[in-house]
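Read-outs throughout are calculated quantities, based only on the coordinates presented, and are distinct from any laboratory measurement. Everything numeric here is computed off the predicted structure, so don't read it as measured data. Counting neighbours? That spans all protein chains shown, and the Cβs are built from the backbone with ideal geometry, glycine included.
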Amino acid sequence: MHLLEERILADGCALSDGVLKVDGFINHQIDADLMYEIAKEFKKRFADITYNKILTIEASGIAPAVMLGYCMHLPVIFAKKQTPKTMDNVISVKIHSFTKNKDYDVLLSKSFLNKNDKVLFIDDFLAYGSAALGIKNLVEMAGAELVGMGFIIEKKFQNGGSILKEKGIRVESLAVIEEISAGKVKFSK
Ligand code: 5GP
């Protein structure tokens, strides 16, 4: 997605440990117009598959997931990182966070996901694939079907994409980064 790549080059900041900071338009301040373009691109790329629910993880996945939900007129579920007292029918998995270097639980209520659901997962980043694999388990625990995974940015050098594809998962990433070195981002052709 050319518009997104241009924006990453203009406003993204490559940190030395393979982390890309996109706080100015995705992760903290959100460019809603760009997010709408991102959602339209996801809609186009997944036009050949059928899904009835969109799933993401709080917090950074919510913006693109909701925009896609709006474009597709579909409900959006976000897996939570804390259990509210009001939540029932809870299922959870442990995920390792690459950016924070710690494990955390993500959970959702089975009231919103069941064997009749075909689920598309949307997130901001694909790095080592730990969050995505956790979500795969969560969807399976709910008895639902995972039909695809869409990421705004994939860092190919961290291999999450290969791991997911080896498991037969349909993956679409809108900007694929080949490498980050000396503060420079290089996209895959
Ligand atoms: P994974 O589980 O694939 O290793 O990492 C995915 C999660 O880690 C994403 O949901 C995202 O929140 C976070 N993440 C991974 N790499 C980056 C990065 O370079 N920048 C930012 N801002 N978040 C990242």
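Please give every one of the lysines within straight-line cross-link reach of residue 115, meaning a C-alpha to C-alpha distance under 18 Å, and leave out same-chain neighbours fewer than 8 residues apart.
Answer for residue 115, where 18 Å is the Cα cut-off: 53, 136, listed by chain and number.
Need the list of aspartates and glutamates near residue 43 for cross-linking: C-alpha distance under 16 angstrom, and skip anything on the same chain fewer than eight residues off.
List returned: 33, 123, 124, 172.
Quick one: angle between helix 2-11 and the longest Cα principal axis of the chain, in degrees between 0 and 90, rounded to 10, please.
On a 0 to 90 degree scale, this one is about 70.
Quick one: of 110/155; 118/189; 81/165; 156/186; 118/167, which pairs are farther than 20 Å apart, Cα to Cα?
Those over the limit are 110/155; 118/189; 81/165.
Label residue 47 and residue 170 with points 7 Å out from Cα along Cα→Cβ: what is the distance between them in nm?
In this crude label model, residue 47 to residue 170 measures out at 1.3 nm.
How much net charge surrounds residue 68 when only other residues with a Cβ under 13 Å from its Cβ are counted (Lys, Arg +1; Asp, Glu -1)?
0
Over the chain, with a Gaussian network built from C-alpha contacts below 10 Å, which listed residue (166, 178, 37) shows the highest mean-square fluctuation?
In this elastic network of the chain, the residue with the biggest mean-square fluctuation among 166, 178, 37 is 166.
Highest first, please rank the peptides 129-135, 182-188, 159-165 by the mean number of other Cβ atoms sitting within 10 Å of their residues.
Final packing ranking: 129-135, 159-165, 182-188.
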